[in-house]
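Q: To start, I am sharing the structure in question, which I have written as structure tokens.
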Amino acid sequence: MSDVLSQAEIDALLSKFDAGEMEIETDNANSGLKVKGYDFRTANRFHKEQIRTLEILYDTFARLLSNYLSGTMRVMATADVVGIEELKYQEFINALPAPVILAILRQPPLIGPILFEISPDIAYSMISRLLGGQPSISAGNAREFTEIELVLVERILRQFMPLFVEGWSKVIKTSISLDRIETSPQFAQIVASNETVAIVSINVKLADTEGMVNVCLPHLALEPVSNQLTTKFMYQSGETSKKQEELERDREDIKTRIERTPLDVTAVFNTTSAMVRDVLGLAVGDVLRLDHALAEPMTVMVGHLPKFKASLGIKEKRYAVKISDVLKEDINE
């Protein structure tokens, strides 16, 4: 409470200040702070909502990747999204080792290619496991991948494709294809060097081998779906898909019920005219002459509507008709 001034003390200070008897001391404690310049040309192009949505999408991808690697490699495997960083493409490429596995992918409706990078340790570990070896293998002194190893890696990558599609299904429906595989960063120039990209870093562990896989998403590639990369849209699309699934189930249920609805099907001859007195005089054994030629087809009625033309015959000692034509409905009717 000693730091609180009374009203008399405040009045005395103000009077001294007005009379010029008191100097104001400036706080130089922050005088050593350095001001960092900000270049608006390098402003962040991915806003926080887009980064958060991408993190959710690739969390799903990482979980699917863990399950796939565990089942395929028959070892304990984990994959976790470490983070998403915004960089210039040149910075990302310069930080890559050589050799490295760089898969160039196409994922419409995204524009242009995207990049999927697998560290040498993880790549060698997967190759070793596919060939019957142990997954705990290190790249050691980096060497070029052989043609056989690249074929095996391509086979693995093609099996990764559905995982990308399923991961993105929370936001949009996509298709994905493998364009080519490069092992040298200088041959994987998918965008301009100064283009902004989002790098999704995923830490993968196969048994005792641990390494990173990265997904490089250029800003230009995400422009067609930028408005959809929000958690609000993602949850709304999820609710919409649920409603569509419910509508589809209802539609299938109605279709099944209609298909199982019984209908009266009747084969009729041409109509025949007769006098009332002739009809009243009919008795058992009388023959009624019909205005229907023997070779003329009969009309098959479904309910009260004529639907088919058919010829009369016998099958398994029972009268039957064989459909010969389908009657088209009159649009005017």
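Any read-out appearing in this document is the output of simple, stated calculations on the displayed coordinates, not a laboratory observation. Quantities reported herein were computed from a predicted structural model and do not represent experimental measurements. Ideal geometry is used to build each Cβ from the backbone, glycine not excepted, and the neighbour counts take in all protein chains shown.
Q: Note the full-extension length gain between Thr230 and Val265 as 0.36 nm times their separation in residues minus their Cα-Cα distance, in nm to one decimal.
A: Computed gain between Thr230 and Val265 is 7.0 nm.
Q: A further question on this structure: Magnitude of the Cβ-charge dipole of region 45-241, K/R +1 and D/E -1, about the Cα centre, nearest 20 debye?
A: Using Cβ point charges on Lys, Arg, Asp and Glu, region 45-241 gives about 420 debye.
Q: Give me the distance in nm between label points sitting 7 Å out from Cα along the Cα-to-Cβ direction at Arg63 and Arg143, one decimal.
A: With each label placed 7 Å out from Cα toward Cβ, I get 4.0 nm.
Q: Follow-up question, since we're still on this one. Between Glu86 and Lys173, what FRET efficiency follows from the Cβ-Cβ distance if R0 is 25 Å, with the result rounded to 0.05?
A: After rounding, the FRET efficiency stands at 0.45.
Q: Of Thr174, Ile111, Val204, which is farthest towards the positive pole of region 45-241's charge dipole, taken about the Cα centre with +1 and -1 on the beta-carbons of Lys, Arg and Asp, Glu respectively?
A: Value: Thr174.
Q: While we're on this one: Quick one: which of Lys255/Lys309; Lys255/Lys307; Lys255/Lys317 span more than 28 angstrom between C-alpha atoms?
A: Lys255/Lys317
Q: Do any trypsin sites (Lys or Arg not before Pro) in region 244-333 lie in a DSSP loop with no more than 16 other beta carbon atoms within 10 Å, and if so, which?
A: Counting only loop positions with at most 16 other Cβ atoms within 10 Å, the trypsin sites (Lys or Arg not before Pro) in region 244-333 are Arg260, Arg289, Lys317, Lys328.
Q: Let me ask something else about it. Could you compute the FRET efficiency for Arg318 and Lys255, with r as their C-beta to C-beta distance and R0 at 25 Å, rounded to 0.05?
A: Using R0 = 25 Å, I get an efficiency of 0.20.
Q: Moving on. So what J values fall out for region 99-109 if you push phi through Karplus, 6.51 cos²θ - 1.76 cosθ + 1.60 with θ = phi - 60°, rounded to Hz, Gly and Pro as x?
A: x, 8, 8, 10, 9, 9, 10, 10, 9, x, x
Q: If I histogram all Cα-Cα distances within region 45-241 using bins 5 Å wide from 0, what percent of pairs lands in each bin?
A: 1, 8, 16, 21, 21, 16, 10, 5, 2, 0, 0
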